[in-house]
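We did not get these values from a lab; they are worked out from the coordinates using the rules stated. Computed from a predicted model, the values in this text were never measured in an experiment. As a convention, Cβ positions derive from the backbone with ideal geometry for all residues, glycine included, and neighbour counts pool all protein chains shown.
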Amino acid sequence: MAVFTQVSLEQLSDWIKQFPLGKATSIRGISSGIENSNFFIGTERGEYVLTLFEKLHIEQLPFYLELMRHLAQRGIPVPAPVANDRDAIVNLLNDKPAAIVSKLEGESQLDPQAPHCAALGDMLARMHLAAKDFKIMQPNLRGLAWWLETTPTVLPFLPPELGTLLQAEVQYQKEFAATAAYRSLPRGPVHADLFRNNAMFVGEKLSGIFDFYFAGCDTWLFDLAVTVNDWCVELDTGVLDVERADAMLAAYRAVRPFSDAEREAWQPMLRAAALRFWLSRLYDFYMPREAEMLTPHDPTHFERILRLRIAETPPAL
């Protein structure tokens, strides 16, 4: 959520007239993240979040925003898109597709403990089930096809040993994706980016999850692996914290029990989740974009996590 495109209060005041929010009273850029321009905005009706989409095309956006609306209508605590006077939830602002969504209460829990992980596991399972009847289909745009396309782009920047690791893991994931075990995994819309800074808590109570702009249709197990690889690890080493991982998995399992195929695929999915973020961080590090308040993430963190997921036996599903 860096700021690539500036929006003044004057520009916002004119644009917001099409929404049932009253007058705009304030606008403040949000510094975290790397994909879109995000702002907290104050209105006569309260605080909201304004997003200008820097890379996504306007025809892609209905998937993300309608998914959020679908989940909100089913009781999942996610930001609800605000429609304008023509019932449109995507509108141009400063020549960029833009949307307003409700602002969640609470704050991110950047040092999660077992109760936070349990609350998130429960919510993630309920979110997966709530999205089963969502009608719009879009693949995970940072899935295997993107890994295959992006790997040759970053390889020239890497020393031989890292290049060998990257190519070997991409090939491993390509072969695993062709297996019957992988094809039998339950799937549907997933968040695909549910890191610590994309959830809000009031104390130990989960008040919501947000930033669905990497969402897509993929295996539910991949979504869980992404979440475990962030919420249940020591950030300085990448080592899994078994207590936190067990709490998240038990809470998820209590809502949606795992299949035999998922138990078989658990370690490959943890590796896939680590690969996805190692590769995207390599790409952002070596091909940076200019943005106010943007600091690329260190790729080394997910390189460490990938090596550990290859070498270790994960907590059982």
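Classify segment 205-276 as rounded, prolate or oblate, taking a ≥ b ≥ c as the square roots of the eigenvalues of its Cα gyration tensor: rounded when a/c is under 1.5, otherwise prolate if a/b is larger than b/c and oblate if not.
In terms of gyration-tensor shape, rounded.
Most fluctuating residue of M248, M269, M137 in a GNM of the chain with Cα springs under 10 Å: which is it?
In the Gaussian network model the winner is M137.
Could you sort the peptides 192-199, 160-167 by per-residue average Cβ neighbour count (10 Å cutoff), highest mean leading?
192-199, 160-167
Of V90, L56, F39, which is farthest towards the positive pole of the chain's charge dipole, taken about the Cα centre with +1 and -1 on the beta-carbons of Lys, Arg and Asp, Glu respectively?
Positive-end residue among those listed: V90.
Provide, as a two-decimal number, the C-alpha radius of gyration of segment 44-97 over 2.2 N^0.38 Å, N being how many residues it has.
1.18
In whole angstrom, how long is each semi-axis of the equivalent ellipsoid of the chain, when you take the square root of 5 times every eigenvalue of its Cα gyration tensor and sort them from largest down?
They are 33, 23, 18 Å, listed from largest to smallest.
Test of the criteria: in segment 190-278, which GluC sites (Glu not before Pro) are in a DSSP loop and have at most 10 other Cβ atoms within 10 angstrom of their Cβ?
Those satisfying the criteria are E234.
Is there a quick way to get the dipole size of segment 167-270? I mean about its Cα centre, with the Cβ of Lys and Arg at +1 and of Asp and Glu at -1; what is the value in debye to the nearest 20?
400 debye
Return the percentage of antiparallel bridges among DSSP beta bridges fully within the chain, rounded to the nearest 5 %.
Among the beta bridges of the chain, antiparallel pairing accounts for roughly 95 percent.
By the gyration tensor of its Cα atoms, with a ≥ b ≥ c the square roots of the eigenvalues, what is the shape of segment 9-102: rounded for a/c under 1.5, prolate for a/b over b/c, or oblate?
Rounded.
About the Cα centre of the chain, what is the dipole size in debye to 20, counting +1 per Lys and Arg Cβ and -1 per Asp and Glu Cβ, all else neutral?
The dipole of the chain has a size of about 720 debye.
Using the Cα centre of segment 163-234 as origin and beta-carbon charges of +1 (Lys, Arg) and -1 (Asp, Glu), tell me which of W220, V202, P186 is placed farthest towards the positive end of the dipole.
P186
Is segment 27-160 rounded, prolate or oblate when judged by the Cα gyration tensor, a ≥ b ≥ c being the square roots of its eigenvalues, rounded requiring a/c under 1.5 and prolate requiring a/b larger than b/c?
Cα axes put segment 27-160 in the rounded bin.
Check cross-link reach from K96 to the lysines: straight Cα distance under 22 Å, and skip same-chain residues fewer than eight apart.
Leaving aside lysines fewer than 8 places away in the same chain, those within reach of K96 are K17, K23, K55.
What is the distance in Å between the Cα centroid of segment 50-72 and that of segment 176-220?
16 Å
Normalised by the number of residues in segment 1-128, what is the relative contact order in percent for Cα pairs under 8 Å and 6+ residues apart?
Normalised by residue count, the contact order of segment 1-128 is 20 percent.
Run the numbers for E44 and D111: contour at 0.36 nm per residue of separation, minus the present Cα-Cα distance, in nm.
Working it through step by step, the gained length comes to 20.7 nm.
When we measure straight from the Cα of K205, which lysines land under 19 angstrom away, once same-chain ones fewer than 8 places off are left out?
By straight Cα distance, K205 reaches K103.
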